[in-house]
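Down below is the structure, laid out as structure tokens.
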Amino acid sequence: MEYRQLGDLKVSEICLGTMTYGQQNTVEQAHQQLDYAIAQGVNFIDTAEMYPIPPRAETYGATETYIGEWLKKQRRDRLIIATKIAGPGRGMKWIRNGTKAIERENLKQAVDESLKRLQTDYIDLYQIHWPDRYVPLFGQSVYDPTQERETVAIAEQLSVFADLIQAGKIRHVGLSNETPWGVSQFSHAAKQLGLPKVVSIQNAYNLLNRVFDWALAETCHYENVGLLAYSPLAFGMLSGKYLSEQPEKARITLFKGFGQRYLKINVNEAVAAYADIARRHNLTLAKLAIAFVRSRWFVTSTIIGATTLEQLQENLDSLEVDLSDETLAEIEALHHRYPNPAP
């Protein structure tokens with residue numbers, strides 16, 4: 001396991017994602033996964049107030065609660081805990097009665113409630129789950145200015161984070177599902193006003209979705225913002241398990257209409273072609289996919305998630321894989337054939 005700099009934090013190159021805890025995983029299974037990941041050198045755990053996924057009023061906050069029951073028994077200073085505040089514009093009326101603007105009262109309440117569920121005094125990385133303003137999200141790829149809504153000024157958002165850092169409740173600020181414009185604006189406001197610098201962006205990145213390669217890679221390079229790449233297996237598509245069947249307990253099978261960004265034209269063809277590359281190089285598709293994400297120069301940490309311990313073990317075994325120049329060239333050629341089928 002390698003460890004990389006994120007602000008003044010040293011985070012493992014693999015981060016354990018937890019969005020299945022409380023829906024597809026019991027508390028016992030969650031703790032088993034956490035124990036296993038930490039034993040393999042993972043020190044970075046990512047969650048969110050709205051988890052588990054899919055979000056429901058009945059399970060809201062369960063993931064953080066499961067982690068908190070485990071975290072209270074650990075050496076806190078050896079772990080990096082990241083969580084997120086839900087933003088506006090996506091329903092979920094059960095979260096603070098639907099008032100989820102990224103403004104002072106919501107931020108303070110969200111942080112305090114996450115701290116309570118996580119049973120900790122501080123959060124190492126606190127992220128905005130998606131922007132306060134309108135942006136195309138989760139498979140939408142066309143910006144429509146008619147969808148713009150009232151939004152909290154970025155400087156105002158950062159000023160609240162500054163107070164939360166001063167109070168010792170959070171250590172660093174991160175973004176998620178952000179755009180190049182958003183990263184630039186947060187960075188500019190921080191520099192101009194002496195407010196906290198954003199250190200990370202958590203966006204989807206995988207063999208089927210390499211949109212980050214374009215403008216975001218440049219923006220984050222110049223602003224020194226690290227990518228925490230989520231969905232390296234594209235919602236399980238890049239495990240190959242959907243190629244010949246619809247597994248009964250798999251997420252897309254269980255939750256119809258969920259994960260639509262991975263059910264688009266050319267996805268299955270691209271997955272089958274990447275599976276052929278993996279077979280030729282004596283790898284599982286999952287190991288190939290995760291190793292590819294890890295190989296990218298802009299990735300600080302790759303967020304993996306699993307519903308079974310066996311899946312988690314395979315994902316972590318990808319640490320043993322360093323892709324050859326030949327394999328990377330084959331991947332690049334295939335990417336040009338099927339460019340971003342699931343953006």
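The values are calculated or read from the model by the stated rules, or taken from the named source; none is laboratory data. From a predicted model like this one, the values you see are computed outputs, not experimental measurements. As a convention, Cβ positions derive from the backbone with ideal geometry for all residues, glycine included, and neighbour counts pool all protein chains shown. These accessible areas exclude ligands, DNA and RNA; they are computed on the full protein's heavy atoms, side chains included. Shrake-Rupley method; radii C 1.70, N 1.55, O 1.52, S 1.80 Å.
Decide, for segment 214-343, between rounded, prolate and oblate: order the square roots of the alpha carbon gyration tensor eigenvalues as a ≥ b ≥ c, take rounded if a/c falls under 1.5, and otherwise choose prolate if a/b is larger than b/c, else oblate. Rounded, since a/c falls under 1.5.
Counting only alpha carbon atoms, the long axis of helix 180-193 and the longest principal axis of the chain meet at about 30°.
Here the simple spin-label model places points 7 Å from the Cα toward Cβ, and for residue 249 and residue 149 these points are separated by 3.6 nm. Counting only DSSP beta bridges with both residues in segment 66-221, the antiparallel share comes to about 5 percent.
Here the peptides 173-181, 136-144, 265-273, 299-307 are ranked by packing, the mean other Cβ count within 10 Å, and the order with the highest first is 299-307, 173-181, 265-273, 136-144.
Could you order 230, 3 by accessible surface area, starting with the largest, using a probe radius of 1.4 Å?
Details: 230 40, 3 100 Å².
Output order, biggest surface exposure first: 3, 230.
For segment 183-204 and segment 286-343, what is the separation of their Cα centres, given in Å? Using only Cα atoms to place each centre, the spacing works out to 28 Å. Rounded to the nearest 20, the size of the Cβ-charge dipole of the chain about its Cα centre is 620 debye, with Lys and Arg at +1 and Asp and Glu at -1. Could you state the angle between the C-alpha long axis of helix 104-118 and the longest principal axis of the C-alpha atoms of the chain, as a value from 0 to 90 degrees rounded to the nearest 10? For 104-118 against the chain, the angle is about 60 degrees. Between the listed residues 161, 271, 192, the Cα displaced farthest toward the positive end of the dipole of the chain, a dipole computed from Cβ unit charges relative to the Cα centre, is found at 161.
In terms of the mean number of neighbouring beta-carbon atoms within 10 Å, the peptides 164-171, 152-159 order highest first as 152-159, 164-171.
Looking at segment 70-216, the accessible area is 44 square angstrom per residue; that uses a 1.4 Å probe and ignores ligands, DNA and RNA.
For the chain, a Gaussian network of Cα nodes joined below 10 Å ranks 215, 86, 275 by mean-square fluctuation, and the top entry is 215.
The DSSP beta bridges internal to the chain are antiparallel in roughly 15% of cases.
Would you work out if segment 269-318 is rounded, prolate or oblate? Take a ≥ b ≥ c from the square roots of the eigenvalues of the alpha-carbon gyration tensor; rounded if a/c is under 1.5, else prolate when a/b is larger than b/c, oblate otherwise.
Details: a/c = 1.91, a/b = 1.17, b/c = 1.64.
Cα axes put segment 269-318 in the oblate bin.
When DSSP assigns beta bridges and you keep just the ones with both residues in segment 1-66, what percent turn out antiparallel, to the nearest 5? Taking every DSSP beta bridge within segment 1-66, about 50 percent pair in antiparallel fashion.
Once a ≥ b ≥ c are taken as the square roots of the eigenvalues of the Cα gyration tensor of segment 28-114, is the result rounded (a/c under 1.5), prolate (a/b larger than b/c) or oblate (a/b not larger than b/c)?
Numbers: a/c = 2.63, a/b = 1.85, b/c = 1.42.
Prolate.
Within the accessible surface of the chain, defined with a 1.4 Å probe on protein heavy atoms only, the carbon and sulfur portion equals 49 percent. Accessible surface calculations at 1.4 Å, restricted to protein heavy atoms, place segment 294-343 at 48 Å² per residue.
Only one of [x] 28, 57, 15, 0; [y] 29, 60, 11, 0; [z] 31, 61, 7 was calculated from the structure for P(r) over Cα pairs in 20 Å bins from 0, in percent, and its label is [z]. Label separation (residue 191 vs residue 333): 4.2 nm, computed from points 7 Å beyond Cα along the C-beta direction.
Over the C-alpha atoms of segment 133-285, the Rg to Rh ratio, Rh being the Kirkwood estimate, stands at 1.05.
Placing dummy labels 7 Å off each Cα toward the beta-carbon, the span from residue 69 to residue 163 is 3.4 nm.
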